[in-house]
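Have a look at the structure below before the remarks.
The values are calculated or read from the model by the stated rules, or taken from the named source; none is laboratory data. Fair warning: this is a prediction, and the values are worked out from it, not measured in the lab. Ideal geometry is used to build each Cβ from the backbone, glycine not excepted, and the neighbour counts take in all protein chains shown.
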Amino acid sequence: MPQKTVSIRGLDTELYHQIFSMAKRSGKRVADLMNIALKQFLESNGNGGVRKTEQQEDEGCFILRNNGEISLSKNDIIVLKKRVGSFKIENSGHLVFEKDVDEEALSYINGIIIHSGVVEAPHTIYPHLLIKSEIYGRLLKY
């Protein structure tokens with residue numbers, strides 16, 4: 001498709017600057033991030049920009065959505081698994097996996113989408129999270 005300059009009147013400049021900074025940190029272009037966001041909005045049929053995931057389409061699947069700040073231990077993950085079965089995490093806030101979280105605990109999590117937030121994980125599980133995650137925000141190891 002040929003590239004064309006598009007002007008958007010009324011665009012919130014603060015949001016644009018946040019996207020610009022995010023693009024710069026991730027080594028992508030603003031256009032790439034905007035295309036992802038617009039595609040997700042269209043896939044959700046315009047329902048507030050929340051993308052419909054495969055897990056949402058499966059009846060009975062639990063999605064833990066974090067827009068604030070939470071910390072998950074191995075025991076927290078095991079209790080969630082017992083109560084809701086395997087689950088998925090969508091993060092736009094700040095999520096910390098505690099040091100006791102291991103590969104077994106991660107096996108209960110079907111996938112993680114890091115939208116615009118930050119996920120912190122011990123270095124021991126970091127590679128496993130890279131495999132399980134769709135990253136638009138930040139995944140940090142400690």
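Restricting to the range 111-130, name every residue that is within 13 Å of the chain's Cα centre (by Cα) and free of Cβ contacts under 8 Å to residues at least 60 places away in the same chain. Within the range 111-130, GLY111, ILE112, ILE114, HIS115, GLY117, VAL118, VAL119, GLU120, LEU129, LEU130 qualify. For the range 24-34, check the following and say yes or no: at least one residue is among the charged types (D, E, K, R), at pLDDT 85 or above and in the same structural domain as VAL119 (by TED's automatic domain parsing). Within the range 24-34, none of the residues are among the charged types (D, E, K, R), at pLDDT 85 or above and in the same structural domain as VAL119 (by TED's automatic domain parsing). In the range 89-105, which residues are touching a Leu at 6+ places or on another chain (Cβ under 7 Å) and among the charged types (D, E, K, R)? Hit for the range 89-105 is GLU98, nothing else. Annotation: LYS81 fulfils all but one of (1) modelled with pLDDT of 95 or more; (2) more than 18 Å from SER133 (Cα to Cα); (3) charged (D, E, K, R); the unmet one is (1). Criterion applied to GLY85, GLY68 was being at positive phi and touching a Gly at 6+ places or on another chain (Cβ under 8 Å), and the one residue passing it is GLY85.
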